Amino acid sequence: MAEDYCELCDLPLSQCVHGRPEPKPVEPEKAPPASRVRTRTTTPRVPGTPVRKSAPRKWTSPDELKAPIVALLQESGGELPADEVFPTLDERLGEALRPGDREPSPTGEPRWQLAARKARRVLQDEGVLEPGTPGVWRLSAAD
């Protein structure tokens, strides 16, 4: 029975710190493999700096067509029938239109015509063109 007790503290070896086997060295846990985290490759945008676009536009935006529409209507005496607006604009803009402008839009008409219709709506909202004149594109009396 003497073998079951520790000589240093007189406790059973199962309870004594001296009789317990040395703990195995704990190996540090391996970190899980690093997941791919996407990092931002561009610098953050500073307010007031222009936004750079990575690819050139494929078609003309409605904002780019507002000035040619107003100029066309001014030269035409302030109004023009809707069926004459697009052929005249097409003739004026000609090579200035982008290659994608002649492709059909989801509505089936050329993209630049859809952009011109959107530009007309914006001009109406801004008060430059008279709203609600079907078949006629007319400058407002304020112009």
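The values are calculated or read from the model by the stated rules, or taken from the named source; none is laboratory data. Just so you know, these numbers come straight off a predicted model, no measurement behind them. Note that each Cβ is placed from the backbone with ideal geometry, even for glycine, and that neighbours are counted across all protein chains shown. In case anyone asks, the SASA skips ligands and DNA or RNA and just uses the protein heavy atoms, side chains included. Shrake-Rupley method; radii C 1.70, N 1.55, O 1.52, S 1.80 Å.
At-a-glance table
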| quantity | calculated |
| --- | --- |
| Accessible area expressed per residue, region 55-143, with surrounding protein chains retained (probe 1.4 Å, Å²) | 59 Å² |
| Computed E for Gln74/Glu109 - FRET, C-beta separation, R0 25 angstrom, nearest 0.05 | 0.50 |
| Given charges at beta-carbon only (K, R positive; D, E negative), |dipole| of region 53-143 in Debye | 480 debye |
| Extended-chain gain in nm, criterion 0.36 nm per residue less alpha-carbon gap, Glu84 and Val122 | 11.7 nm |
| Segment Arg36-Ser140, length gained on full extension (0.36 nm per residue, minus Cα span) | 31.7 nm |
| Amide hydrogen neighbours beyond the local backbone of Trp137, cut-off 5 Å, H modeled | Leu80, Ala82 |
